[in-house]
1. Tell me, in nm to one decimal, what length is gained between B:V25 and B:L245 on full extension, where the rule is 0.36 nm per residue of separation less the Cα-Cα distance?
2. So how far apart, in nm, are the two label points at B:A41 and A:S337 if each is 7 Å from Cα heading toward Cβ?
3. What's the Cα-based Rg to Rh of chain C, Rh via Kirkwood?
4. Regarding region A:115-204, what's the average projected area of the Cα-atom convex hull, expressed in nm²?
5. Which of the aspartates and glutamates could a cross-linker bridge to A:K342, judged by Cα under 17 Å and excluding same-chain residues fewer than eight apart?
6. Quick one: dipole size for region B:60-214, taken about the Cα centre, charges +1 on Lys/Arg Cβ and -1 on Asp/Glu Cβ, in debye to the nearest 20.
7. Going out from 0 in 10 Å bins, what whole percent of all Cα-Cα distances in the protein assembly as shown drops into each bin?
8. Enter the angle in degrees (range 0 to 90, nearest 10) between the Cα long axis of helix B:131-151 and the first principal axis of the Cα atoms of chain B, meaning the one along which they spread out most.
Amino acid sequence: MKPHRTLTVIALTASIVASVLLVAGCGSSQTSSTSTGTSDVVTSWTAGDAPWSTVVQSAKGQTVNWWLYGGDDRINAYIDDVVGPRAKQLGITINRVPVDDTATAVSKVVVEARAGKSSGGAVDLIWINGENFASGKQAQLWLGDSWATKLPNAVLHVDWSDPSINRDLGVAVDGQESPWSRAALVWAYDSARTTEPPRTLDALLTYAKRHPGRVTYPAPPDFTGSAFVRYVVTQLGEDRAFAYLKELKPYTWRQGSAYPKSEAELNQMFGNGTVDFAFSYDPSFVESAVRSGTFAKSARPFVPMSGTLTNVSYVTIPSNAAHPAAALVLANLLLDSDLQAKKADPAVLGVPTVLRDLATPAQHSQYLLANFGAPVPELAAAKVAPIEQRWKREVGS
Amino acid sequence: MIARENTRSGRSIAIVWLALVAGVVLWLVVRAFADAWRAPAMLPQAYGLYGWNVALRNSLQHAFVQSLLIATIAALVGGVLATSAMTVAVRAGRRARRLALVLLVVPALLPGTVVAIGMATFATRIGLQGSMSTVVAVHLPFVMAWQTIVLLGTWDRTLREREDVAATLGVGPVMRLVHVTIPGLRLQLVAALALGFLVSWGQYTTTLLVATGADTLPLRLVPMVQSQPAAAAVMTIAMLVPALLVTLVLRAPTRRPS
Amino acid sequence: MLAVAAVPAVLVAGAIFDAARTSVTPGISGSVTLEAWRTFAGDPATVRDAGFTVWIAVASALCAAAGGVVLFSALRRMPRRVAFAVLLIPIAVPYVTAAVLTMQWLGADGLLTRLVQHGVYDPVGSSFGIGIIITYAWKEAAFIAAILLVGLTRDLEDRETISRTLGLSRSQVYWHVTLPSIARPLIVATTLVAAFAIGALEIPALVGGISPQTLPQTAAAATAGDVLAGQSVAAANSLLTLVVSIALTLALAAPLLTRRMRWSS
C-alpha cells in the first residue's frame with residue numbers, strides 16, 4: 001500500500017474510533033451511567049432494615065467520585081496519601097475530582113437533575129458547606145433519611161447537639177451532610193514589617209489611615225473576601241458594617257479603586273510586601289504559604305481580640321449518586337479518629353477536628369495558632385448573597 | 001529599495017521576536033524551579049522542585065492526558081466531518097454551499113459562554129454520558145469552524161476534475177474520499193487537524209462553564225497562577241510544549257497567484 | 001452533506017435553546033418565570049458590564065489589527081517559511097497561557113516590575129481593561145498578520161511597483177494600493193478577533209479587574225454564587241452576550257456586507 005494511502009486509512013480508522021469513543025462516552029473515569037444497584041442497600045440501611053456491614057460489602061470494588069476544592073495542595077496530599085490507602089483497605093477507590101469552586105460540583109448535580117437524571121450521577125461526594133449546601137437542600141438534591149447521623153463513627157464521635165455542627169450557616173443539617181473539618185478565619189502579618197498587628201476593627205481602620213494603601217481584602221463574591229465582609233457585619237451589624245467599609249475604602253490599596261480578585265492574589269500581594277495583612281479561612285494557610293515560598297519566614301498568624309469567624313465543613317452525597325454505598329463508607333471513614341487526628345497534626349494539615357472526644361494536638365509551629373479565641377458564628381446562608389451584592393453596589397463599584 | 005528595507009525591518013522584528021520568545025522560555029523555566037520568588041527581587045530567594053512536586057501531586061499527568069485525548073478526538077472528529085462536508089459543498093449549488101458554510105463557520109463567531117452553559121444540560125439530554133464526551137461536544141463546533149476556514153478555498157480545479165473522473169469511472173464516494181480527495185489535500189488536512197487540536201487544547205471558557213468536572217490543563221492552570229506560581233509555570237510549560245510541537249507540522253501556505 | 005454540516009449547528013442550536021430554557025426555568029421544578037431576567041436586567045452593573053465588554057472587544061480587535069498590519073508590512077517580503085515561523089508561535093500559544101505570560105511580564109510581581117523596581121504601571125486588574133487589551137493585541141496581531149499574508153497575491157507587489165514608478169510616494173502607495181487590497185481579509189480577521197473577545201473568559205479572568213467586568217466574568221461569578229438561581233442568571237447573561245456579539249459582528253463586518261467597498265484580490 002502506498003504511504004499516503006496507509007496514512008489515509010490510519011487517519012480514517014482513528015476518526016471512526018474517536019467517534020465511537022465520543023458517542024460511548026468512554027475514557028472518562030469520572031462518570032458511570034449505569035445504576036450500581038446499591039441504592040436499595042443504602043435505602044434499607046437508612047431505614048434500619050439492614051446492618052452497616054451490608055453497605056460496606058456493597059461498596060467493595062467501587063470508585064467514589066469525590067468532587068472538592070482542589071487548590072490546597074496539602075488537603076490533596078492528605079486525601080491521596082492518608083485517606084486513600086485506608087479506603088483501599090475497604091475496597092474503595094477515591095477519584096478526587098478537583099474543582100476551583102464547590103459551586104461547580106453543585107452545578108453539575110443541578111444540571112443532571114434538570115435533565116431528569118435521577119441515578120448514575122457523575123458526583124458521589126462533595127466537600128461542601130454554607131450557601132452551596134443550602135441551595136442543594138432547598139432543591140432536594142441531597143441524599144436524605146438523616147444518613148449522616150446514622151454513620152457508625154458519627155454515632156460514636158460526633159456531637160450532633162453542637163449547634164456549630166447541626167446547623168450549617170444557620171441552615172439545619174438534618175443529617176444530609178456529615179461533618180469533616182473545622183475552619184477559622186485567620187489573619188497573617190509580617191513580623192519583620194509590623195511589630196503589632198491591629199486586633200480590632202477600629203485598630204485596623206486606624207492602621208489603614210496611618211499607612212494608606214497597605215490594607216486590602218479580596219472582592220466578594222470571592223470566598224475569603226466575602227468572609228471578611230461577613231466578619232465585619234457580625235461585629236458591627238449590617239448598616240454600620242457598610243459604613244465602616246466605605247470609610248475604610250479610600251485608605252485601602254489603590255484607594256479602593258481595585259481589589260484583589262482572590263485570596264491567592266491577596267496572599268501574593270502580602271508576600272511581595274505590597275500590603276501588610278492577608279487572611280484565610282484555612283487556619284494553616286500561613287504555614288502552607290511559608291512552605292510554598294509565597295510568604296517570608298517572618299510571617300505570623302493572628303486573630304482579632306474578639307474572636308474570629310468559625311465554621312464546620314461537611315461532605316454530602318447527591319441523591320442521584322452512582323455509588324452511594326461507597327460514598328457512605330468514605331464519609332464514615334473520614335470521621336475515623338485516627339484520620340481526624342492526622343488531619344489535626346500540624347505536620348499534615350493542622351486543621352481542628354470535628355470529633356468531640358479527640359484532643360487537638362499541641363501546636364508546635366509558629367505558623368499555627370493554638371487558640372482561635374471566641375468563636376464568632378457565621379451569618380445565615382440566606383444573608384450571604386444579599387451582602388455580597390450590597391458590597392458590589394456600595395463599596396466595590 | 002523598498003524590498004530591501006522591508007526585509008531588513010522584517011529581519012529585525014524576527015530577531016527581536018525570537019529574543020522575546022527565548023526570554024519567555026527562560027523566565028518560565030526559572031519560575032518553575034523557584035521555590036520562592038517574591039517581588040521585587042530579581043532572582044529567586046530559593047530554588048528547588050517544590051513547583052514540580054505540587055504540579056505532579058495535583059495530577060498534572062492526568063490533566064495532561066485528558067487534555068491531549070479531548071483535543072485529539074475533537075480534531076479528528078471535526079476533521080472528518082469538515083472534510084466530508086467540504087467534499088460535497090464544493091460541488092453544490094451556490095445556495096446550498098453558502099448555507100453549509102454558514103452552518104459550519106458561524107460557531108467561530110459565537111460566545112463560548114452561551115454554548116457552554118446550554119451544552120451542560122443539552123449534552124445530558126442527548127445522552128452524552130461521559131465528561132470527556134460532553135467536553136468534546138462543546139469544543140466541536142469551534143474546532144470545526146476553524147477547520148472549515150482552513151479548508152475553504154483549498155479545493156482547486158485540478159482536484160475537482162480528478163474527483164469527477166474517478167466518479168465517472170465508477171469509484172464510490174468513500175473510495176473517492178480515501179484515494180483521491182484526502183491524498184490531494186493532505187497538507188491542508190494536516191493543517192486543519194493541527195489547528196483543530198490547538199483550538200480544543202486551549203479551551204477554557206467552554207470547558208469551565210459546561211461544568212462536567214473534566215480535568216484539563218487550562219482548568220488546572222488558572223487557579224494555580226497566583227496560589228502556586230511555580231506549579232503554574234510547570235503547567236504553562238506543559239501547555240506550551242504540545243502546542244508548539246503541533247505548529248511544527250503547519251507549513252507556510254504557498255503564495256497565491258494573481 | 002448538509003447533515004454533516006448540521007452537526008455543529010445542531011449542537012449549537014441545542015445548547016442555545018437549553019440556555020434560553022435555563023434562563024426562564026430556575027431551579028429544578030421547571031416552572032417558567034422571568035425572575036432571572038429581572039434580576040439580571042435590574043442589576044445596574046449589567047449595562048455597565050455590557051458596555052465594558054464591547055469596549056474590550058473593539059479596542060482589542062483594533063489594536064490587534066494595527067499590530068497585525070505592522071507585522072504584515074514588516075514580514076511580507078521575508079521568505080514565507082520564516083515569516084510564518086515567527087507568527088505561528090503566538091498563534092499556537094493558548095489564550096490561558098497568553099494571559100499568564102502577560103501577568104509574568106507586566107503584573108505587579110512581573111518581570112518589568114522587577115527590572116524597573118518602582119513606578120511601573122500595572123495593567124493587570126485595570127478598570128479600563130488595559131491588561132486584557134494588551135494580551136489580545138500581542139496574541140491576535142500575529143493571527144491577523146498571518147491571515148493577511150495568506151491572502152497576499154503577487155500582483156499586489158506589481159501594482160505597488162507600478163504605482164511607485166508612476167510617482168506615488170510610499171505613503172500614498174500604502175494608503176491607496178496596499179491597504180485597500182488587504183482591507184477585506186483585515187475586516188474579516190478583526191471581526192473574528194472581536195467576536196472571540198466578547199465571549200471569552202480566560203483572559204479577563206486572569207488579567208481583568210473586579211469592576212467593571214466583562215459579561216463572561218459576571219456569568220461565571222453568577223454560577224459561583226446561588227447555584228440554583230445563579231445558573232439562570234448566567235444563562236440570561238450568556239444570551240445577552242450572544243446578542244451583543246451578533247450586533248458587534250454585523251457592525252464590524254458592515255463594509256463587507258453592504259459591498260460598498262470594492263477590493264481587488
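1. 77.7 nm
2. 4.5
3. In chain C, Rg relative to Rh is 1.05.
4. In nm², the orientation-averaged hull projection of region A:115-204 is 10.1.
5. A:D72, A:D73, A:D80, A:D81, A:D282, A:E287, A:D357
6. Taking the Cα centre of region B:60-214 as origin, the dipole is about 420 debye.
7. Answer for the protein assembly as shown: a P(r) of 2, 12, 21, 24, 20, 12, 6, 3, 1, 0 percent.
8. 60
The values are calculated or read from the model by the stated rules, or taken from the named source; none is laboratory data. Since the structure is predicted, the reported quantities are computational estimates derived from the model, not experimental observations. No Cβ is skipped: glycine too gets one built from the backbone with ideal geometry, and neighbour counts run over all protein chains shown. Remember, those area values only see protein heavy atoms, side chains included, never the ligands or the DNA or RNA. Shrake-Rupley method; radii C 1.70, N 1.55, O 1.52, S 1.80 Å.
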